[in-house]
Structure formats: C-alpha cells, structure tokens
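The values are calculated or read from the model by the stated rules, or taken from the named source; none is laboratory data. Since we're looking at a predicted model, the values are computed, not measured. For neighbour counting, all protein chains shown are included, and Cβ atoms are generated from backbone atoms with ideal geometry for every residue, glycine included.
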Amino acid sequence: MAYTSAKIDLVTLIEQKAGITLTLEANHYEFGPEYWGSCPFCKRGDNRFHVWPEGSRPHYWCRICGKEGSAPWFLVEYCNMSFGEACEELGIEDDDMSTYTAPSLAQLVNNNRPPHQAWQKAGKEIVQMATHYLWHSLQGRESLHYLIGRGLTEETIKKYHLGYMPLKKDGRWYMDSFENWGIEPTEEQKKKGGVRVPNGIIIPWFEGDRLWKIAIKRPGEKMDYGQVMGSAEGLYGVHTIRPNAPVVMVEGEFDCLSVLQEAGDITGCVATGSATRGRLMRWIAELSLASHVLQAFDADEAGYQGADYWLRVLPNAIRFPPFGYKDVNEMLQKLNTERDGYSVRQWVQDGIWAAQLPPPDAPPVISERKAETPIGRPEIQRALDIQSEYERLIGSEHVMTPDGPGRIWDMSQLRQHIERDKIRVTLDHLKGAPPPHGATRLYPCKDLMLEPAQIETF
C-alpha cells in the first residue's frame, strides 16, 4: 500500500503493519490527539505505546522500551526496510523530508536551555503560591499527610519547596494567560485557553535559581503525573552534583528526596523523571564530573533498559538498584515501619564502597539461570540472570570462586563482581561509534539523537 506524504495516517499505518489496535485517550497540548496501545516492539502492555498522528511532526513513542520515531522510521525498525524503501513506500518526496528526519543541531542545543525569564517568573509565583496552600490550607493538609506518608520529613518538604495547588472556587483548574508565561501558543495550545495548573502536589525542578520544570503529582487520578506547559528537560537535584564526589541516579523525585534526606551529606542525588528522560548533553557532562554514579533506576523492565543507556554513556557509573525493593522511596517507607537494621543510608554507603573497588581479576563462577520474565535483549536478560543468582547466593553459606567453594564474601564485594560482570556482558553486545569526550565506552550514536520521552502537559 502506498501513501502520499500529505495523507500519511500514522495510526492506520502502525495498526496495519503491527496488527494492533490504538485508541484515542488524550489530547496533547502541542502534538494534538494522542493514541495508546500495546507496543509492537516490546510486545507488551496495553497503554505503553503512544502515537501522535497530527501536528507538525507525527510520531510514536513507547514509554517502556523507549522506541520512538516517525512513519518511515517505523517501517525501518519494525518492517526492516531501508530508509529509502520506507520513503518510497510512503510516497515521501524530498520537500517533505524535514518532517521525518532527526532533529537539527540547533534544535538539540535549544533543548539544553531552561525556560525563558517570563516563564521563570510566572513559574516561581506558582511555586510560592503552592507552598503556602500546602502548609496553610485545609485542602493542602491531605497532600501534606500524603508526603509524610511517603517517608518525607517536614524539613525535606520545606527545603525542596514542595507545594499543593487546589481547585479554584468554581471547581476548575488554575489558569493563567499565555502572555504572562511568555508563550506564543500553537493552534493546538490555544484550545487549552491558557497555561493550566491542575490540583495536585507541585514539585519544582530547580538548578540553583533557575526553574526548569514544574511537575505535578496527582495521586488517585487517571492522569496522575504531568508538567506545566513550557517546562523544559531538567535534571531534578542537579545542584547536588559535586566534582569528584559520588551521586545516586534515580527515576522519581520522591526517590531522589529519599536519598538526599537520609544521606545527602555523603552523596548527591538526581532524578530524571522516568527511565528514558534526562539525556541532554549538559546533564551527561555534569554527571561525568562525579567520582561515581550509582545507577539506581526502578527494579522493573523499564528501569533495567534505562539503566543500560547510562551504563554505556557514563564510564563512572555502576548499576546499584535498591535490592529487594521496587525503588528507593519504597525502601524508605518500609524501613521506617520494619526497622530491620538496614537503612537507605547504609545502602548508599554500600554502593559508594562497592564503586571504589578495583576491577576483579576474575569474576566469581556464576551458573546460568533462566529469568522468570524474559525480556528479549541479551544484555538485559543476562543482568536479570545475574541478579537472580545473586539473590540466591546471599542466602547461602558459601559462594563459588574461580577455584571452587570459598569463604562467605562481603555482600558489597559480591555485588561489585556482579555489577562489573553485567557491564562486561553489556559491552560485549554493544556496537557503535566513539562516545563523547570524557567517556570510555561505546554506545550507538542514535541514542543521543533521541528526543526526550513525552510527559503529559496539562
């Protein structure tokens, strides 16, 4: 079936080629109608794959495996066509190529910048307003109790300017003019009527005095997480990175605050917002200054795949998830109630100690085990095998060394052997061009060309 460039229906194209059904679920402020469905690449879930068929750049994106692109790239990656064959199939002429090619250098540079001054001023006013409502209103009390229930102290909540935005008296979301925020709206944005801030917990992303993003957490709502229109691609907690000092990398803001609250005097901590975000060159450069990066994304499929990217890009990173917990905040919450003698602080100390160990001459002999949930990518599968074996070994009296049964090893040393073996296996599977300045590992160049994963903007 041939298409004309002006009539490419990305939803129909993907449904026909992949045999899946996509349903209209949302209306993005910039890209228009948003369709959700199962991912044709990782072949799982029912709402992880998002498609925006309209707007200036129709595209798709999976929030788990990170696959994204335009119509011809779908044919390239899913149907194994060459780019030329894909364009011919779709009837794309040379004049239409700008819609389907990778972003320009100018676009990539612009993505590295915080929002302009008008947005900063209006955003800081919202943060100040939300902080007041959290502490001095009946509506904010429930959200304050929620934050404390997540293990955060009042001191932490105040220090990082968490707040709450209530509904207006008429039951509507807070709304301000585009002009006040310095936004020149697109036709799709104009349909919103202005810059909207829904009721929910306000989480500002600061870099010093510069406000990069205003995230909104809405527990119990269908759209439970999003950001204010005009927010940029920040790195939460970036101000805690210090040259030649360790830093922990997590996904969520509450994970980051958990680390900074319990161990902020011995480590920095940053959050990307999800497993596929935070990949700007300026943040990669900042993280390369750290002595060690403890990569602690969530212990799930998306977390392992996101961690794989950072282990390839940062030569100073090791994978160090919160063993036994989904994420660091869950560790904090459960340890606050269980009091089993191990803490978030001790976990951070173990990670720093493990990261400082020299590479082993030979890793322990670890038997192969099939993971319960195969992922399909060899390096991720091997990582799961290793972690599964690790969980078995720490419950036994002895571990296997290259020379046979040995003494009980220190847990952190065993972790380090496992993580370095994981890195070695990952590197064995990587192909690509030389990495950016300062790195020592190979990674595919296309990773740096990926645009940030989309977050719902209210």
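Starting from residues that are modelled with pLDDT of 90 or more and of a type in the set (D, E, K, R), keep the ones in the range 173-198 and report whichever is surrounded by the fewest Cβ atoms within 10 Å (Cβ to Cβ).
E179
How many of the residues making up the range 270-327 are among the polar types (S, T, N, Q) and more than 21 Å from R242 (Cβ to Cβ)?
Within the range 270-327, residues that are among the polar types (S, T, N, Q) and more than 21 Å from R242 (Cβ to Cβ) number 3.
Residue check: is A275 surrounded by fewer than 24 Cβ atoms within 10 Å (Cβ to Cβ), within 21 Å of the chain's Cα centre (by Cα) and at pLDDT below 95?
Judged against the criteria, A275 is not a match.
Surrounded by 21 or more Cβ atoms within 10 Å (Cβ to Cβ) and without any contact (Cβ under 8 Å) to a residue 40 or more places away in the chain: which single residue out of G37, G45, G66 fits that description?
Just one listed residue meets the conditions, G37.
Give me the pairs: first residue in the range 186-211 and of a type in the set (D, E), second residue part of a strand (DSSP E or B) and crowded, with 16+ Cβ neighbours inside 10 Å, beta-carbon distance under 8 Å, and six or more apart or on different chains, which are they?
Within 8 Å, the pairs are E188/H28; E188/G32.
Answer yes or no as to whether W310 is under 24 Å from W283 (Cβ atoms) and modelled with pLDDT of 85 or more.
yes
Looking at the range 197-242 only, could you name the residues that are closer than 25 Å to L294 by Cα and among the basic types (K, R)?
K213, R242
Does the range 244-251 contain at least one residue that is surrounded by fewer than 20 Cβ atoms within 10 Å (Cβ to Cβ) and either under 23 Å from the mean Cα position of the chain (by Cα) or of a type in the set (K, R) (or both)?
Yes: one or more hits.
Under 6 Å between Cβ atoms, which residue pairs at least 6 apart in sequence (or on different chains) link something in the range 286-304 that is assigned by TED's automatic domain parsing to the domain that holds V247 with a partner that is among the basic types (K, R) and part of a loop (DSSP other than H, G, I, E, B)?
D298/K326; A299/K326
Which of the residues belonging to the range 279-307 are at pLDDT 90 or above, of a type in the set (G, A, S) and within 15 Å of the chain's Cα centre (by Cα)?
A296
Looking only at residues that are in contact with a helix residue (DSSP H, G or I) (Cβ under 8 Å, 6 or more places away or on another chain) and on the phi > 0 side of the Ramachandran plot in the range 139-172, which one is surrounded by the fewest Cβ atoms within 10 Å (Cβ to Cβ)?
H161
Considering only the range 17-30, I want to know if a residue exists there that is in the same structural domain as F74 (by TED's automatic domain parsing), surrounded by fewer than 19 Cβ atoms within 10 Å (Cβ to Cβ), acidic (D, E) and at pLDDT 85 or above.
There is no residue in the range 17-30 that is in the same structural domain as F74 (by TED's automatic domain parsing), surrounded by fewer than 19 Cβ atoms within 10 Å (Cβ to Cβ), acidic (D, E) and at pLDDT 85 or above.
Listed here are the residues, each with its yes/no results for (1) outside any helix (DSSP H, G or I); (2) crowded, with 23+ Cβ neighbours inside 10 Å.
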position	(1), (2)
I284	no, no
F297	yes, yes
G306	no, yes
Y309	no, no
G324	yes, no
K334	no, no
W347	no, yes
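Identify all residues within the range 77-100 that are loosely packed, with under 12 Cβ neighbours inside 10 Å and modelled with pLDDT under 70; write none if there are none.
E93, D94, D95, S98 - these are the residues of the range 77-100 that are loosely packed, with under 12 Cβ neighbours inside 10 Å and modelled with pLDDT under 70.
I'd like to verify a number: residues in the range 176-211 that are in a loop (DSSP other than H, G, I, E, B) and either of a type outside the set (S, T, N, Q) or in contact with a strand residue (DSSP E or B) (Cβ under 8 Å, 6 or more places away or on another chain) (or both), how many?
14
I'm trying to understand the selection: among the residues of the range 165-204, which are aromatic (F, W, Y) and under 14 Å from A130 (Cα atoms)?
Scanning the range 165-204 gives W173, Y174.
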